[in-house]
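What follows is a set of notes on a single structure, which appears directly below.
The values are calculated or read from the model by the stated rules, or taken from the named source; none is laboratory data. These figures come from a predicted structure and were not determined experimentally. Cβ atoms come from the backbone with ideal geometry, glycine included; neighbour counts cover every protein chain shown.
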Amino acid sequence: MRTFLYIAIFLFVSHANRSASLLLAQEAVHQIVDFVELPAELSSPGDSACHLEFNEEWTFLAKGGLIKEVNGYEISCSRDIPPITKVTHIKDIVYEFMLLDPHLPESANKAFSGPDSMDTATRNLQKHLIDLIRNHAQLSPRYDLRKQLLSVYFHEEWIIDPANMEIRKKIRAITPVIWQLRQTAEGLSIPDGNTGLPVYYKTPLQKIFLRQP
């Protein structure tokens, strides 16, 4: 089943108390295509074949916050899912956002030129994620975030209102994930023997709770 729902989002911030000129000068905005497995609260037990494809606008705030505005989404599922008949509040959404996957509309979700590469726009998104992380946490200098921050876990709350076709998403925290390429002592990559793809060891760092705008 493929269901297209276009939804309105209410931002969790009051623009009345902020200077518009300051926001335009210091905010960073990205258009994102994101893929999330359908939460268990919205699907039948044991069904892992359902996914959400979100079209979102991410705004990195000058004071260290991040807002996600959902402009629409598509549900892809191998079978019918139970309809949502009442306001549903899901408090513990956790999923990994992979910077090695194409998420930007201009990529048309086509794979990058290499298995461990990024395009320019994704590298810019990574930069703003790094700035957000450094705004809230002091990380060890041994980590090279530009090379090693290849994914983050988002910890979110969702409120879904079927009557008004609205969904609200609030980011409570993020967990940076450090990727270490498997390589020889001389620094040569040791790829997977079957696929030839790079092999990484992943280390989630401490969860970072974000200030709420």
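Things worth noting here:
- Among the residues listed as Ser76, Ser43, the single one being at pLDDT 85 or above and farther than 22 Å from Ser151 by Cα: Ser76
- Scan of region 147-188 for residues that are basic (Lys, Arg) and in contact with a helix residue (DSSP H, G or I) (Cβ under 7 Å, 6 or more places away or on another chain), ordered by number: none
- Where Phe97 falls short, out of the listed (1) buried (at least 18 other Cβ atoms within 10 Å of the Cβ); (2) farther than 30 Å from Pro191 by Cβ; (3) at pLDDT 90 or above; (4) not aliphatic (A, V, I, L, M): (2)
- Residue in region 166-177 that is hydrophobic (A, V, I, L, M, F, W, C), touching a strand residue (DSSP E or B) at 6+ places or on another chain (Cβ under 6 Å), assigned to a loop (DSSP other than H, G, I, E, B) and modelled with pLDDT under 95 present: no
- Listed by position, the strands (runs of 3 or more DSSP E) inside region 28-87 whose residues that are without any contact (Cβ under 8 Å) to a residue 60 or more places away in the chain number at least 2 are 28-37, 51-60.
- Output for region 144-195, where each listed residue is hydroxyl-bearing (Ser, Thr, Tyr) and under 22 Å from the mean Cα position of the chain (by Cα): Ser151, Tyr153, Thr175
- Criterion: closer than 17 Å to Asp34 by Cβ, at pLDDT below 90 and surrounded by fewer than 12 Cβ atoms within 10 Å (Cβ to Cβ) - qualifying residue of Lys86, Lys110: Lys110
- Summed over region 124-165, residues that are farther than 27 Å from Lys91 by Cβ and assigned to a strand (DSSP E or B) total 1.
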